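The structure under discussion appears below in the form of structure tokens.
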Amino acid sequence: MTDQLRPDISGLTPDALEAWVTERGEPAYRARQIADAVWNDGGVTDAEAMRTLPAGLRTAVGGSFRLDTVGDTELRLADSGQTEKALHRLDDGALIESVLMHYPARAGSRERHTLCISSQAGCAVGCPFCATGELGFGRDLEVAEIVDQARQAQRRLGADGKRLTNIVFMGMGEPLLNLDRVLESVEALNDPRRFGLGARHITVSTSGVVPGIRRLTALGPQFTLAVSLHAGRDALRDVLVPLNRRWPVAEVVDAARDHGRSTGRRISYEVTMIGGVNDTPEDAQAIVDLLRGDHAHVNLIPMNPVAHTPWQASPMPVIEAFAATLREAGIGTTIRRNRGQEVGAACGQLAAERAGEPPAPAVARRRQRLEVASAAALRGDRSDEPVPAGVLGAAGE
Ligand code: SAH
Ligand code: SF4
């Protein structure tokens, strides 16, 4: 039997595992022992290491299931070892990335270990400042491929006696366009019988898939929602987040507000700061108009330089002035430092590097198109380009 045909053990629900165990005539407590071996401290990747099981059952587990989907991983360290970037090669050759970031304890906050994980290989949304967006859509990840990124990081941390404290869906892909599998994954990561991380410590970041936000809210637990806002004006957001042509920014903020109300959680908004594009006083005011009075927090992130855009990060004084406008309106705002730039830790950069350089004329055309589109947006003209192919079907509408 080839590996692809064996189900992935970390993609199974506890009920499915118990059914497998009892079908074999084994007592139900064996399912608990298997789950412990899969999940405790990141778990094992070889059935022979499941020492609590009798030899026959170990062999059956190994023959029936695949125990790891991200075994082929290349690690790169940055920020003096505080950032660990993992490039995972999946079974079919698809490349995805996860990034583990260590934050030392500071006055008022404990030490944190945050893992940024991918939900898709590539992304259909096509935000022009994002390396993953430029790669285009590859495929949706399976539940096991998503949660195995977390199991692997926990094994590395566990070797030093540490625990993963936060998981953010801010790697490659638009999580809410791989909705069913992402919802199953957050349940597995949250379930005390499986990964066991508190819902508040799991953040799903979205570029604004409104029906997906509503389904996440309907799940119930207090998962944290982060919305990639980037612009408060539709004309500009149409260019920076092409999904905006389907779900305009006011609808996205409405859905996020409802999530905040129903979970009691503060909503995070991310704004990638692009010099001369979305960092003007009018842009700050547009965000104030959208969010005033909400239980919201805004993170301003200087754009990580990616290869094929005409753009750069906004200068720090401009970002500070932008932050001041938001704060004066009572909106909590922080400026976030980029992590791991020297290893290309902006989402999708390593995979893009491996994909190779596109032909020079295509790059030049892309740069020119973006310059024209952002200049038109700054004048307030809305783009009439269609919504990116593949996005609507994937949203399951
Ligand atoms: N697709 C989801 C989650 C993955 S992207 C989303 O868009 O929210 C995670 C975050 O990285 C997003 O806020 C995205 O805007 C940001 N990002 C992408 N490329 C970036 C770059 N070059 N510089 C800074 N932030 C970037
Ligand atoms: Fe996709 Fe998010 Fe990148 Fe946009 S920023 S292209 S939604 S991964």
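Just so it is clear, none of the values below were taken in a lab; they were calculated from the coordinates. Remember, it's a predicted structure, so these values are computed and weren't measured experimentally. Here Cβ is always computed from backbone atoms with ideal geometry, including for glycine, and neighbour counts include all displayed protein chains.
Restricting the calculation to Cα atoms, the stretch 1-139 shows an Rg/Rh of 1.06 when the hydrodynamic-style radius is the Kirkwood one.
Alpha-carbon geometry of the chain: the Rg and the Dmax are 21.7, 70 Å, given in that order.
The 3J(HN,Hα) values that the Karplus relation (6.51, -1.76, 1.60; θ = phi - 60°) gives for the stretch 142-155 are, in residue order, 6, 3, 4, 5, 6, 6, 5, 4, 6, 4, 5, 4, 5, 5 Hz. Gly and Pro appear as x. Who wins for biggest fluctuation among Met101, Met316, Met50 in a Gaussian network model of the chain, springs between alpha carbons below 10 Å? Judging by the Gaussian network model, the answer is Met316.
Restricting attention to the chain, close to 50% of DSSP beta bridges with both partner residues there are antiparallel. Our coupling estimate for the stretch 297-305, obtained by passing each phi through the Karplus curve with A = 6.51, B = -1.76, C = 1.60 and θ = phi - 60°, is 9, 10, 9, 9, 10, x, 4, 6, x Hz, Gly and Pro reported as x.
Count charges around Asp15 for me, please; just the other residues with Cβ under 14 Å from its Cβ, Lys/Arg as +1, Asp/Glu as -1. Charge balance near Asp15 sits at -2.
What number, rounded to the nearest 500 deg cm²/dmol, is the helix-based mean residue ellipticity at 222 nm of the chain, given -39500 (n - 2.57) per DSSP H run of at least four residues and division by all its residues? Can you show the working numbers first?
Values: 14 runs with 151 residues, N = 397.
-11500 deg cm²/dmol, from helical runs alone.
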